[in-house]
């Protein structure tokens with residue numbers, strides 16, 4: 001169970017019997033957005049991981065809607081500690097590819113095996129830059 005004094009979160013740790021010591025507390029600084037997410041989770045009885053996954057899904061869907069197309073497999077990674085977001089267009093590597101796609105994959109230096117997924121970082125767009133960025137044609 002986490003406790004907070006407003007800016008610092010405290011997480012009790014478990015006993016390390018192999019080393020013969022007991023950790024009583026771990027202290028770390030949390031960003032304001034992380035604090036807000038944790039507070040909402042506590043108030044609503046939600047899992048922190050489930051809320052982060054939902055935020056990532058929403059960010060991926062928003063990116064796909066405004067800058068991608070519905071056929072893309074967009075995934076977003078959200079860091080509540082920094083408030084940063086990384087967006088990826090996930091591609092599956094297959095055995096038989098047309099020559100132009102093979103050249104594209106070589107250019108991206110993807111050396112994954114068939115059936116595995118390769119991530120390609122999506123266009124860098126910050127939240128403040130989204131209004132300035134070119135929108136997809138509808």
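The values are calculated or read from the model by the stated rules, or taken from the named source; none is laboratory data. As the structure is a prediction and not an experimental result, all values here were calculated from the model. Backbone-built Cβ (ideal geometry, glycine too); neighbour counts: all protein chains shown.
Please work out if residue 114 is farther than 30 Å from residue 36 by Cα, modelled with pLDDT under 60 and not assigned by TED's automatic domain parsing to the domain that holds residue 36.
Yes: the conditions hold for residue 114.
Of the conditions (1) modelled with pLDDT under 85; (2) within 13 Å of the chain's Cα centre (by Cα); (3) part of a strand (DSSP E or B), residue 82 satisfies every one except a single condition; which number is it?
(3)
Mind counting the residues in the range 85-97 that are at pLDDT below 80 and either out of contact with any helix residue (DSSP H, G or I) (no Cβ under 9 Å at 6 or more places or on another chain) or surrounded by fewer than 13 Cβ atoms within 10 Å (Cβ to Cβ) (or both)?
Filtering the range 85-97 for residues at pLDDT below 80 gives 91-97.
Still in the list and also either out of contact with any helix residue (DSSP H, G or I) (no Cβ under 9 Å at 6 or more places or on another chain) or surrounded by fewer than 13 Cβ atoms within 10 Å (Cβ to Cβ) (or both): 92, 94-96.
So the count comes out to 4.
Among 49, 123, 42, 100, which is at pLDDT 75 or above and surrounded by 10 or more Cβ atoms within 10 Å (Cβ to Cβ)?
From the options 49, 123, 42, 100, the qualifying one is 42.
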